[in-house]
Each structure stands twice: as C-alpha cells, then as structure tokens.
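These notes are about the structure you will find just below.
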Amino acid sequence: MSAAASGLAGRWVRWRVALRLAARDARRHRGRTGLVVTLIAIPVALLAGGATLWATQDVSPAEETVQRFGAADFEVRARDGDVALDWVPGELPDGAQATPLDRGELLLAGELGLVGAESIGVDLGASVHQGRLDLVAGSAPEGEDEVALTPALAHDLDVDLGDVIADPDGEPVGEVVGLAEWPSALPRRTVFAAPDALPETTRAGWVVTAGEADHEAVAAALDPTAGGEAPRGDQPGADTPEAGAPDTGEAAAGDGGAAWRVTARADVVPVTGGGGLAAAFTVVAALALAEAALVAAAAFAVGVRRQLRDLGLLAAVGGRPGDLRRVVLAGGLAAGSVGALLGAAGGIAVVALLEPWLESWLGQRLPDGLTVPVGLVALAAVGGVVAALAAAAAPARTAARLTITEALAARLPPGAPPRRTATAGCALAVLGALLGGGAAWLARPAGGTLDQDPALVVIAVGAVLVVQAAVAVGLYNTLLAPAWQVMVRAICERFPLRTAGLE
Amino acid sequence: MSGAVLELDAVRRVFGTGRGATTALDGVSLSVAAGELVAVMGPSGSGKSTLLTLAGGLDEPTSGRVRVGGADLAALDAEALAGLRCRTVGYVFQDFNLLPTLTAAENVAVPLELDGVGARAGRRQAHEALAGVGLAGLADRFPDALSGGEQQRTAIARACVGPRRLLLADEPTGALDSLAGEQVLAVLRDKADAGLAVVLVTHEARYAAWADRVVFLRDGRAQDQAGPPAGPETLLAGSDVTP
C-alpha cells in the first residue's frame, strides 16, 4: 500500500469515494432512497416533535411559581368561607403589604343561557398580581359598576368591552371594562371586580409581599400554628382545601385544624411528572425506529443486489472488501442523515405550526414560546442515522464478502448466516428479557408515581432489545437465510460454470 | 521469462465438483514482458476470460502459479491483492466497464482514490490519463453521454492510470464498431509501446494482428504463437486482419 493510502487521510479519501458513489446512487434510485429516507424520517419526526412539544408545554419552575404567586411572597387562604381574615394586614411587620382576595360565585345570563362563574374581588392594577393575573385588554375595574372578565367567560357570554353583564333576573352586574386572564388556567370563567365591589364575595384570602420586612418575621406573623392570639387559630375551620385552589402539591403550613393556610413562595415545589408518558412515547418511537431499520435493511439489500456489478467493478479496480462495505454503509449514512435531518426539521416544524393553538389546547400560557430541546432533537437525529447504518450493516457485510467474479456476473454468494449474528441476537434477547424482568421487579413496589419512571425506561430498553433480537434472529436465521441458501444452491448446481467465472 | 511482468505457470482452473466439474484452463503457462502486447484468442468457452481473471487476481487457480511483477498472487492476502489491482494491474472489460454514476474523470480517478491518493492529485492524474487516450475534453461527461468507443478508452485510461505495469483487456472491442475498435486497439498498442505489458483477449483476428504475439487457447490448453501479426491468419482462416 502506498504511503498515501495509510492513515486517517487515506481512510478519509476512501470514505469520500464511498460517499460519492452512495450519494450518486441514491439520486439515481430516487424511489428506493425516498423509501429509506421516509422510513427514517417518520420516527425521528415523532421523537423530535414529541420532545419539542414536551419542552414547549413544559413551564419552567420559575415561571410556574410566577403564575401561582405573581409578585407575592405568601398566599393566605381561608379554609372556609366563614372565616374572617381581616386581621392579616394588622399582624404584618412594617414594610410588608397585604392585598385582599375576595371570592364568590355568580350566575350570569348569556346569549345561550345561564353561565356560572366565579367572582373575584381584586385590584387588577396591583403589581403584586402581575404574572398571576394579567390584564390583557381594557382597564382594571375600579367602581362598583365595573367588572373585568376572563376571555373564556367573555366568549361564553358573547360580550365585549363596554357591554353590561347581568344576572339571571336581568339585574346588571357591571360594565365590562377589561379582560384579564389566569396564565396558568386560561379556561377559568371569572368575573373580576374591585375589592368589596361585589356583594356576593367574601374575603377568601390575601396575597402578601414581604417588601422591606424580614421574610421570617412575615412568615411568623402568618403562621397558623403559632396560636395564642385572639383573632388567630380560634376560628372554626374545615380541613378541606379551598375549591379552585391550584393543586401544586406545596408543603402547606403544618396547620392541623387551623382555619387558614399559608403558602410561602419559597416553599412551593413545582409539580413535575409525565415521566411515564415520556417513557411510553420513547418506547413507541424507538420501536418505530427499530422497525424502520428492519424495513430499510430490506431496501438496502435490494440496493446491493442491484449494485452488484458496480461493486464488482469497484473491487476489480482495487476496492478492498472494506471499500465495498463502506459504499453500502455510506448509502445508509447518506439516507439516514437526510432522513434524520428531514425528520427533525419536520417534527419541529409541525410543533411550530401548532404553537398558536397549543396554549388554548393546554389551557395555559406558554411564556417561553416554542422551545426546541436541541440535545434531545440531536439525539433523535443521531438515532435515525444509527438506525439507517444498522439497516445497511447486514447488506454491507454481504457486499464485503462478494467475490469479484460473482459480483461482476451479478450473483450473490450463497453464504450461510454467520454464527456471530445468531449468537449476538440470542445474547440480546436474553439481555432484553433480563432487563424487562428486572424493570418489572423494580416497578413492583412503586406506588404509581415518579418512582416508576426509571423502571419504565429500563423496560423500554429491554422491550426494544427483545423485539429487535426476536425479529432479526428469528426472521433472518430461521426463515429467510435457509430459504435463500436452498434457492441459491439449486441455481449453483445447475449452472456450475456460470457460478464461478465470466465465461 | 526473466523480467516478465506476468507469468502463468501450469495454471489450472476447474469449476464445480464431481460430475459437474468443468476444466476451464488446463496447465496453461504464459509469460508477458513489459512493452509486449499479447493477444489471447480462442473460441467461446476456451478459457480466455478465465485466464485473464486469474492474471488479474480476480480469481484463484485450482493449481499452478500466477506471478505479477514477481509476486506470487497465491501468497497475497485480499488487502494486498486489492493493492495490486489499484497500482499494478489494470483491467478492461467488454462492457459494464464504467461506474455509471461517476464522470469519466471520476471513473479514472477511482483506483487512485482507493489507493489513498488525494482528490486534487487524483483528478490531475485522471485528466492526464484521459488526455493520453484522446479524451481530454470529455472528462466531465457521464458514461451514458459517451459513445461505446469513448467508454472503452476511458476504461483503458483508468486501467493505465498510476504506476501500472500490466493491462488486461477482455474483449474490449466486443461491443464496438470497426472504427471504434481500431481506435481502442491503437490505444492499447500505444500503451504497450510505452512499456506496459498488455494482454488482450479477443476472438477477432484483425485485432489480434496488433499484438506482438498471439496465444491460442483451445479447450483450456494454450498454443503459444510467437511471431509476427500474420499468426492469426493462420489460426483463423478467413479472418480480416488489418493491422
């Protein structure tokens, strides 16, 4: 071998030849190439699109906290409507500020009938509510005859700014001067009015900002377990959370039978979850990728069969077995890369197209907009390329085993399936079974929550390996290979001269 | 022969086994020196192409020895044989000669690139080789845009590019008209005159007349016809030899 042929440079030159041949062949056989590209692109699109959708709808913990608290540091809520929390502002240390939350329920007359809504007495203009309650049109209601509605309620009532809403008796409730929404719950139907403006509301709680006051002092002042002070802790209370309160799983104060509860912004643990769904989705997409690889392998096998003369010619002019293998693998690399890129781009594009509707479907503002998890999308794309390479691997091995004379005569060698394939397949099957069984054992004591997630991932891996091994080993070694051998032997015995030479 | 580029020593090639066995070559010995153009003739099935595949290391003899440039092909592994085909031996087939997805220049550069020669150097040598066969202006054409004769000359350029010593041509004129065939033979003659050892398989005496020597094969056995181009006329009565 010449000096130029050795080393990385020589290897790269030979890869370049293989890639050029593969790319030209792919263009020449567009149908077959299109099939492989599509087979790879679809599962990659599923994975990339799913990951993008997941990242887009996933509100960050910080944003989730803002949607819950706005700018407040504490939320004080009565456990029962009869509980008066008027003492809260007076108990706060200097510098802290409390903003009341009045709450009630209303029945309104709409175009299509009666519509139930909650009524909230709140100063929508207060900065403490920003992020939690956002004024999206008009102005904040100030007078007793002014209200703001959530867009969902305005839609149901078929009213707009300037219209007057009325109760079922036709008594006007107020003129709609603004539209405000709950970013974390867009479908909520709410009438907002200034505090104490709606007679049907009661003081349901307060949102408190510590401001310049000591945070700990504010927490202590609101602590429902402190007891001893006349207005606090001695109220009759029901141990039921307030209806409509977001279930954030926060560690509410250990207040036992206290009449109110305090949630500190710093104590809220954002809700995470959906790991099981993600794992299931990953399993489906991975299986789709595996099946795509199997079907694509057939397409590559056909490609090798049709390329036999070219491969033989390449060998005749100096191609090594590795070069022939490279040509087929390069086909997998090229088609896989194109398929992976198209799939990743397509998956992201679909989510981008759906993005305007996502917020209404999810009922939640997505402050970060379209979020592309670059790492996961890249992983999906790499998975697509790997699947295509795996699909090309067996045909590539066949190409590397071609004898030149057989290839030039466009005949495949009647090779037996290599023992290593069967061994590797069986090992994979055993490994998959062990992983699946182990995961099931791990999942057994879990209580149906997040504990299941790692196990589900392991189950996923195990399932993929088992299916791959079962299909690859079972189908190939038990059905296809023996049938192929019988057929080829019959032909070879009939035409001994033609099998071996060019005569 | 001392200094021979190609030496076949009692080469035998049998296809198949048992009752279905067919002897394609039966103890053929042949030596081709640098600068010599040897034509191998014979009827269909006489073993001409088999001889060439053995000489090029595309196939292995059942018995006997094949040496190229002094190297015993039986002693070379697949990697070394591939290297031999990259650098020492060039092969021209009757058809299926060019990779259809590559341009003429790219086809010619393939052996160089497979040998690790860089793209620029490979392209330069390919253009020189194409110019050497009179195809300088067709380097960027794909095979389907070339005539049969141009394709064969491109194949000859590919078979000669780099430090080649042996050119094996298996009926390179078989699919060509007379004029194109003559052009191809003229190129082969030029290559032999330039120092390559050339073995030409043909069944047409008029092309064999371009050779320095004619080897006639019948039933796998060789009859060495050393001598002037008149030889083929004695072998194939009625053939039209036009050297």
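For segment B:72-94, a residue qualifies if it is out of contact with any helix residue (DSSP H, G or I) (no Cβ under 9 Å at 6 or more places or on another chain) and facing chain A (nearest Cβ under 7 Å), but none of them does. Checked against (1) surrounded by fewer than 24 Cβ atoms within 10 Å (Cβ to Cβ); (2) within 11 Å of chain A (Cβ to nearest Cβ); (3) of a type outside the set (D, E, K, R), residue B:50 passes all but a single condition, namely (1).
Within segment A:113-161, the set of residues being free of Cβ contacts under 8 Å to residues at least 24 places away in the same chain and open to solvent by 40 Å² or more (accessible area, probe 1.4 Å) comprises A:125, A:155, A:160. Here B:164, B:158 are screened, and the one residue that is farther than 21 Å from residue B:24 by Cβ, crowded, with 24+ Cβ neighbours inside 10 Å and within 14 Å of another protein chain (Cβ to nearest Cβ) is B:158. Residues in segment B:76-94 include at least one that is surrounded by fewer than 24 Cβ atoms within 10 Å (Cβ to Cβ), basic (Lys, Arg) and either outside the structural domain of residue B:8 (by TED's automatic domain parsing) or closer than 25 Å to residue A:22 by Cβ (or both). Note on segment A:405-420: among residues that are modelled with pLDDT under 70 and open to solvent by 40 Å² or more (accessible area, probe 1.4 Å), the one that is nearest to the chain's Cα centre (by Cα) is A:420. Looking at residue B:14, is it buried (at least 24 other Cβ atoms within 10 Å of the Cβ), of a type in the set (Val, Ile, Thr), assigned by TED's automatic domain parsing to the domain that holds residue B:207 and at pLDDT 90 or above? Answer is no for this residue. Can you find a residue that is open to solvent by less than 40 Å² (accessible area, probe 1.4 Å), of a type in the set (A, V, I, L, M) and closer than 30 Å to residue A:326 by Cβ anywhere in segment A:23-33? Yes, segment A:23-33 contains at least one residue that is open to solvent by less than 40 Å² (accessible area, probe 1.4 Å), of a type in the set (A, V, I, L, M) and closer than 30 Å to residue A:326 by Cβ. Quick check on segment B:137-152. Is at least one of its residues among the polar types (S, T, N, Q), assigned to a helix (DSSP H, G or I) and at negative phi? Scanning segment B:137-152 turns up at least one residue that is among the polar types (S, T, N, Q), assigned to a helix (DSSP H, G or I) and at negative phi. At least 2 residues being more than 26 Å from residue A:310 (Cβ to Cβ) is the threshold, and among the strands (runs of 3 or more DSSP E) wholly inside segment B:1-105 those reaching it are B:4-15, B:22-33, B:37-41, B:63-68.
In the set A:360, A:337, which member is at pLDDT below 90 and more than 17 Å from the chain's Cα centre (by Cα)? Going through A:360, A:337 in turn, the sole match is A:360. Within segment B:156-172, being touching a strand residue (DSSP E or B) at 6+ places or on another chain (Cβ under 9 Å) and within 23 Å of residue B:8 (Cβ to Cβ) holds for B:156, B:159, B:160, B:164, B:165, B:166, B:167, B:168, B:169, B:170, B:171, B:172. Restricting attention to segment B:26-57 and to residues that are farther than 15 Å from residue B:166 by Cβ and among the β-branched types (Val, Ile, Thr), the residue that is farthest from the chain's Cα centre (by Cα) turns out to be B:28.
In segment B:106-133, what residues are in a helix (DSSP H, G or I), farther than 13 Å from residue A:16 by Cβ and open to solvent by less than 10 Å² (accessible area, probe 1.4 Å)? Across segment B:106-133, the qualifying residues are B:107, B:108, B:111, B:126, B:130. Within segment A:34-56, the set of residues being among the small types (Gly, Ala, Ser) and either surrounded by fewer than 17 Cβ atoms within 10 Å (Cβ to Cβ) or more than 30 Å from residue A:359 (Cα to Cα) (or both) comprises A:34 only. Taking segment A:133-209 and the strands (runs of 3 or more DSSP E) fully enclosed by it, the elements with 3 or more residues that are at pLDDT below 85 and not β-branched (Val, Ile, Thr) are at A:202-209.
The values are calculated or read from the model by the stated rules, or taken from the named source; none is laboratory data. Because the structure is a prediction, the values reported are computed rather than measured. Note that each Cβ is placed from the backbone with ideal geometry, even for glycine, and that neighbours are counted across all protein chains shown. These area figures cover heavy atoms from the full protein model, side chains too; ligands, DNA and RNA do not enter into them. Shrake-Rupley method; radii C 1.70, N 1.55, O 1.52, S 1.80 Å.
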